[in-house]
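Worksheet for the structure shown next.
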Amino acid sequence: AAGIGEVRIAMTASKPQRRIIAVGSGKGGVGKSTLTANLAVALARAGKRVGLIDADIYGPSQPTLLNAHGKPQAEKEKLFPVETPFGVRLLSVGQLVSAGQALAWRGPMAAGALTKLIEADWGDAEVILVDLPPGTGDVQLSLIQKARPDGALIVSTPQDLALIDAARAIDLFRKTSVPVLGIVENMAGYTCPHCGEVSDPFGSGGAEASAGRLNVPFLGRLPLSASLRESSDAGTPPAAGDGPAADAFHDLAQRMMD
Ligand code: ADP
């Protein structure tokens, strides 16, 4: 019996009680980083200890979105995440190079950088969201190998082209046994600020239909919104404020964690 007890202790110690959730998309520019930032803030507001890894080597935007421009401290090669004003701890590939410098990394370098971010001192973080680059490349594969994510969230616009690529992203997670938590449809519907008429620049309902076809949960949709874009650019995530956008992110975060 003592032997079994020891095994159990060893197993608990090797797997910290922490959920790593990858946020991916097939295409770029669908709002994956914006969503990741706001979901992290919503989770922090709900009382979770949240970390965020910005692994988007093509456009690391989390330092801007979360208004955290400091460089991470390091001790013996171990990085310490930067505190953001929104209760989310952040490490970004963008923090590893100077502003404006291209992250022209080949696969192994990107994988090395990602490893540093994963193996950082995340302290007592309960959830770590990982903002992935778009697509199904080296960074995705490295993350799956090194961090064994507990789940993946897929962001898409309602547009067919984006959805075809979202299906590829889902396929990668499925083939590597990462549970797909669901699809979020972003930029669905736009209310004209002048006449109030609702239009659908990227179509409508496409992501929900795709989720049904691919047999993954549909977690919800967010409208195209000028105020969301403006406050995101200004480093004040809507999820940190009050109003319908904050409520929408709160609901999405809840559904993602269910
Ligand atoms: P990705 O990470 O998929 O490349 P981003 O999160 O960087 O996408 O978003 C791309 C651009 O679209 C940004 O300027 C962002 O502010 C804007 N954006 C994202 N979601 C919305 C939305 N729902 N309404 C309006 N603008 C949005």
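The values are calculated or read from the model by the stated rules, or taken from the named source; none is laboratory data. Here the structure is a predicted model, which is why all the values come from computation and not from measurement. Don't worry about glycine lacking a Cβ; one is built from the backbone with ideal geometry, like all the others, and counts go over all protein chains shown.
General observations
- Taken together, the criteria exclude ALA245 from residues that are over 23 Å from ALA46 (Cα atoms) and within 13 Å of the ligand (Cβ to nearest atom).
- In the stretch 206-220, the qualifying residues are those that are within 19 Å of the chain's Cα centre (by Cα) and buried (at least 21 other Cβ atoms within 10 Å of the Cβ), and the one that is nearest to the ligand (Cβ to nearest atom) is ALA207.
- Annotation note: Cβ proximity below 6 Å between a residue of the stretch 75-100 that is under 18 Å from ALA111 (Cβ atoms) and in contact (Cβ under 8 Å) with a residue 12 or more places away in the chain and a residue that is surrounded by 13 or more Cβ atoms within 10 Å (Cβ to Cβ) and β-branched (Val, Ile, Thr) (sequence gap 6+ or interchain) occurs for LEU91/ILE53; VAL93/ILE57.
- Tally of residues being more than 23 Å from PRO149 (Cα to Cα) and surrounded by fewer than 20 Cβ atoms within 10 Å (Cβ to Cβ) across the stretch 48-71: 5
- Answer residue from the stretch 62-82, given it is more than 13 Å from the ligand (Cβ to nearest atom), within 24 Å of LEU141 (Cα to Cα) and not in a strand (DSSP E or B) and is modelled with the lowest pLDDT among those: GLU77
- In the stretch 133-177, residue nearest to the chain's Cα centre (by Cα) [restricted to those that are more than 26 Å from ARG106 (Cβ to Cβ) and of a type in the set (S, T, N, Q)]: SER156
- Flag if GLY59 is more than 9 Å from the ligand (Cβ to nearest atom) and modelled with pLDDT under 95: no
- Boolean, PRO85 is part of a loop (DSSP other than H, G, I, E, B) and surrounded by 12 or more Cβ atoms within 10 Å (Cβ to Cβ): yes
- Scan of the stretch 95-149 for residues that are surrounded by fewer than 15 Cβ atoms within 10 Å (Cβ to Cβ) and at positive phi, ordered by number: GLY100, GLY123, ARG148
- The set of residues in the stretch 175-206 that are within 18 Å of ALA248 (Cα to Cα) and assigned to a strand (DSSP E or B) comprises LEU181, GLY182, ILE183, VAL184, GLU185, ASN186, MET187, ALA188, GLY189, TYR190, THR191.
- Count of the stretch 111-168 residues, restricted to those that are under 18 Å from LEU90 (Cα atoms) and in a strand (DSSP E or B), is 5.
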